[in-house]
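**Q** Pasting a structure here, questions to come.
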Amino acid sequence: MTPEFRQAKNKEFVERLTRQNMEPYYQKIGVHWDQALFDKNWEEFESYEIILGDSAVGVLRLSHDDMAYYIRDLQIRPDWQGRGVGSQAISFASDIAKDTGVKLLRLCVFSMNPAVALYERLGFRICKTESAVHYMELELS
């Protein structure tokens, strides 16, 4: 099944899913949820709900500059993880970047997050690691 990507309007869903998925990592490294930062980013990022059938199963949040598109957040509901939804979201982000002529897709991910394997499988490379965070990028053709 191919997901649909719609402009996110349900801020509560996005926040709830992000907090739920990120809480184990935050606890592990001693980071606390920053509501003010989330609210600011809600206004600034391009946010998409990932829809399958009638259900929102994830969220993709992007930003960009002249050099790159940035995956700021990719959250998939736990019951949909491992089913290709994340790969399809990366493909969607890549297409947006290519359509604007940008040749790099970048992201940050906690180094202990299993999603690192997904990103590497899709061609992302680790550029640097700082404070348990991998900075990764993918050159788009």
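**Q** Report, ordered by the first and then the second residue, all pairs with beta carbons closer than 7 Å, sequence separation of six or more or different chains, a first member in the range 8-27 that is at negative phi, and a second member that is surrounded by fewer than 16 Cβ atoms within 10 Å (Cβ to Cβ) and part of a helix (DSSP H, G or I).
**A** Close Cβ pairs satisfying both conditions: Lys11/Trp42; Glu15/Phe38.
**Q** Would you mention how many residues in the range 97-120 are in contact (Cβ under 8 Å) with a residue 60 or more places away in the chain, crowded, with 17+ Cβ neighbours inside 10 Å and either part of a strand (DSSP E or B) or touching a Lys or Arg at 6+ places or on another chain (Cβ under 9 Å) (or both)? Lay out the reasoning, then the answer.
**A** Let us first name the residues in the range 97-120 that are in contact (Cβ under 8 Å) with a residue 60 or more places away in the chain, namely 110, 112-113.
With the extra rule that they be crowded, with 17+ Cβ neighbours inside 10 Å, the set shrinks to 110, 113.
Applying the additional criterion that residues be either part of a strand (DSSP E or B) or touching a Lys or Arg at 6+ places or on another chain (Cβ under 9 Å) (or both) yields 110.
Qualifying residue count, the range 97-120: 1.
**Q** Also, quick follow-up: Could you give every pair whose Cβ atoms fall below 6 Å, whose first residue belongs to the range 72-91 and is surrounded by 21 or more Cβ atoms within 10 Å (Cβ to Cβ) and at pLDDT 95 or above, and whose second residue is among the polar types (S, T, N, Q) and part of a helix (DSSP H, G or I), counting only separations of at least 6 or pairs across chains?
**A** Listed pairs, sorted by first residue: Gln75/Thr18; Gln75/Asn21.
**Q** What about Arg61, is it surrounded by 21 or more Cβ atoms within 10 Å (Cβ to Cβ), of a type outside the set (A, V, I, L, M) and modelled with pLDDT of 95 or more?
**A** Numbers: surrounded by 21 or more Cβ atoms within 10 Å (Cβ to Cβ): yes; of a type outside the set (A, V, I, L, M): yes; modelled with pLDDT of 95 or more: yes.
The answer is yes for Arg61.
**Q** Something else about it: With the condition kept exactly as written, say whether any residue in the range 122-136 is free of Cβ contacts under 8 Å to residues at least 60 places away in the same chain, assigned to a strand (DSSP E or B) and touching an Asp or Glu at 6+ places or on another chain (Cβ under 7 Å). Reasoning before the result, please.
**A** Going through the range 122-136, the residues free of Cβ contacts under 8 Å to residues at least 60 places away in the same chain turn out to be 122-130, 133-136.
Narrowing the set further to residues that are assigned to a strand (DSSP E or B) leaves 125-130, 133-136.
Still in the list and also touching an Asp or Glu at 6+ places or on another chain (Cβ under 7 Å): 125, 127.
Scanning the range 122-136 turns up at least one residue that is free of Cβ contacts under 8 Å to residues at least 60 places away in the same chain, assigned to a strand (DSSP E or B) and touching an Asp or Glu at 6+ places or on another chain (Cβ under 7 Å).
**Q** Only one of Glu49, Glu12 is loosely packed, with under 13 Cβ neighbours inside 10 Å and either modelled with pLDDT of 95 or more or not in a helix (DSSP H, G or I) (or both); which?
**A** Values: Glu49 fails: loosely packed, with under 13 Cβ neighbours inside 10 Å.
Only one candidate passes the filter, namely Glu12.
The values are calculated or read from the model by the stated rules, or taken from the named source; none is laboratory data. Since we're looking at a predicted model, the values are computed, not measured. All Cβ positions, glycine included, derive from the backbone under ideal geometry; neighbour counts span all protein chains shown.
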